[in-house]
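What follows is a set of notes on a single structure, which appears directly below.
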Amino acid sequence: MTTIAQVKSAVAPLLARHSDLALVNRFLIVKPVGHLTRGVLIDRRSAKEVFHVRQAIIHLFEPQSSFNLNFGADLYKKT
């Protein structure tokens, strides 16, 4: 399984070049955050070296107990 430390090291060069990006756990967020949060979720798979990358948009204009990733899709689908 991919760890958060592996995600941090994988996106570190990207974060260094782009000040409008932030990493929160496994979610790479595009700033500024307003009523919508846009970003990329870098999730884990059963294999150590494999990431599950998914783009997501989360609306923040109503109270939620957790973030729902309904507005999103896989960035890469194996055919």
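Let me check against my output: what whole-number percent is the relative contact order of region 20-64, with C-alpha pairs under 8 Å and at least 6 apart?
Computed over region 20-64, the figure is 30 percent.
Net charge around L15, counting only other residues with Cβ within less than 12 Å of its Cβ (Lys, Arg = +1; Asp, Glu = -1)?
Local net charge: +2.
Got a sec to turn the phi values of region 31-37 into Karplus ³J(HN,Hα) couplings, 6.51 cos²θ - 1.76 cosθ + 1.60 with θ = phi - 60°, whole Hz, x for Gly and Pro?
Values, residue by residue: 8, x, 8, x, 7, 10, 9 Hz.
If the chain between H52 and L36 were fully stretched, how many nm would it gain, using 0.36 nm times the residue separation less the Cα-Cα distance?
Stretched fully, the H52-L36 segment lengthens by 3.5 nm.
Just so you know, all these numbers are worked out from the coordinates, no wet-lab data involved. Keep in mind the model is a prediction, meaning the values are calculated, not measured. We place every Cβ from the backbone using ideal geometry, glycine too, and count neighbours over all the protein chains shown.
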